[in-house]
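**Q** Take this structure, written in structure tokens, and hold onto it; I'll ask about it next.
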């Protein structure tokens with residue numbers, strides 16, 4: 001079996017854009033979720049990981065945070081927090097349907113949803129990703145393992161988080177590249193698959209990825 005081409009490390013940054021749509025209450029949030037583009041929903045579920053201030057250990061998406069902090073609705077926040085975009089098809093429409101189910105169920109339970117004070121609205125955003133070539137490559141699984149621990153946050157996001165949402169593969173870039181080495185990398189690929197991108201900060205994800213790849217040199 002011929003060896004795969006070298007793995008080329010990328011870095012990334014997000015340019016955030018406002019949609020000009022906001023929600024002042026639970027009912028308005030439901031209404032806006034109905035028609036915003038899927039890219040906005042994915043932004044609020046996933047891309048906040050790239051924000052330096054996004055370090056809440058309990059709630060990993062913007063909807064759950066807003067429900068807790070502004071709507072003062074811990075029940076709704078808990079339900080929103082368990083939605084996992086990585087367990088759903090990558091088109092975003094299934095995520096929309098799951099999100100709407102949660103919001104509509106809560107609306108049926110709350111007699112009079114109260115609006116939030118001015119200035120505390122939920123503002124819908126989307127983002128454009130800018131990808132940079134770092135010039136770094138890995139030619140073997142051992143080199144990949146050696147470099148991952150020093151990657152910038154944007155690189156971790158691009159190769160491990162964003163990659164899982166890219167159709168049609170739905171797997172991270174490290175796993176995809178290691179597949180080219182056959183059964184020799186089966187163990188690190190299994191360890192990578194067990195990592196939840198929604199659990200922990202990007203720095204913590206980097207540590208988990210590095211640990212998963214630690215034996216890659218010996219496995220390959």
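Read the figures in this text as sums done on the coordinates, not as results from a lab. Worth saying up front: this structure is predicted, and the values here are computed from it rather than measured. Neighbour counts run over all protein chains shown; Cβ positions are idealised from the backbone, glycine included.
**Q** Ranking request for peptides 74-81, 197-204: highest mean number of other beta-carbon atoms within 10 Å first, then the rest in descending order.
**A** On the way: 74-81: 18.1, 197-204: 16.6.
The most tightly packed comes first, giving 74-81, 197-204.
**Q** Rounded to the nearest 500, what is the 222 nm mean residue ellipticity of the chain from helices alone, with -39500 (n - 2.57) per DSSP H run of 4+ residues and division by all residues?
**A** So the calculated ellipticity at 222 nm is -12000 deg cm²/dmol.
**Q** Can you give me the angle between helix 26-35 and the longest principal axis of the chain, using Cα atoms only, in degrees from 0 to 90, rounded to the nearest 10?
**A** With rounding to tens, the tilt is 50 degrees.
**Q** Right, another one. What is the helix-to-structure angle for 93-109, meaning the angle in degrees between its Cα long axis and the longest Cα principal axis of the chain, kept from 0 to 90 and rounded to the nearest 10?
**A** 30 degrees
**Q** I need the Kirkwood Rh of the range 101-208: take the reciprocal of the average 1/r across all distinct C-alpha pairs and report it in angstrom.
**A** Values: mean 1/r = 0.0586 Å⁻¹.
Result for the range 101-208, one decimal place: 17.1 Å.
**Q** Determine one quarter of the surface area of the Cα convex hull of the chain, which equals its mean projected area, and express it in nm² to one decimal. Walk me through the numbers on the way to the answer.
**A** On the way: hull surface 49.3 nm².
Averaged projected hull area, Cα only: 12.3 nm².
**Q** Here's a follow-up. Once you keep just the Cα pairs under 8 angstrom separated by 6 or more residues, what percentage relative contact order results for the range 66-132? Present the calculation step by step, with values, prior to reporting the outcome.
**A** Numbers: 29 pairs, mean separation 21.4, N = 67.
With pairs under 8 Å counted, the relative contact order is 32 percent.
**Q** Same structure, new question: Does anything in the range 26-53 have its amide N under 19 Å from the 7 Å Cα→Cβ label point of residue 93, and if so which residues?
**A** Residues passing the 19 Å test: 32-43.
**Q** At R0 = 25 Å, how high is the FRET efficiency between residue 86 and residue 204 if r is their beta carbon distance? Nearest 0.05 is fine.
**A** Numbers: r = 16 Å, r/R0 = 0.65.
For residue 86 and residue 204, the calculated efficiency is 0.95.
**Q** How many percent of Cα pairs in the range 14-126 exceed 18 Å? Let's see the in-between values first.
**A** Details: 2944 of 6328 pairs.
Every Cα pair in the range 14-126 considered, those over 18 Å come to 47 percent.
**Q** Given the Cα-Cα distance of residue 58 and residue 196 and 0.36 nm per residue of separation, how much length would full extension add, in nm? Show your work: numbers first, answer last.
**A** Working: separation 138, 0.36 × 138 = 49.68 nm, distance 1.42 nm.
My answer for the length gained is 48.3 nm.
**Q** Hey, what angle do you get for helix 202-213 against the long axis of the chain, alpha-carbon based, 0 to 90 degrees rounded to 10?
**A** 30 degrees
**Q** Evaluate the relative contact order of the chain (contact order divided by residue number), counting alpha-carbon pairs under 8 angstrom at least 6 apart; express in whole percent.
**A** Numbers: 319 pairs, mean separation 69.5, N = 220.
In percent, rounded to a whole number, it is 32.
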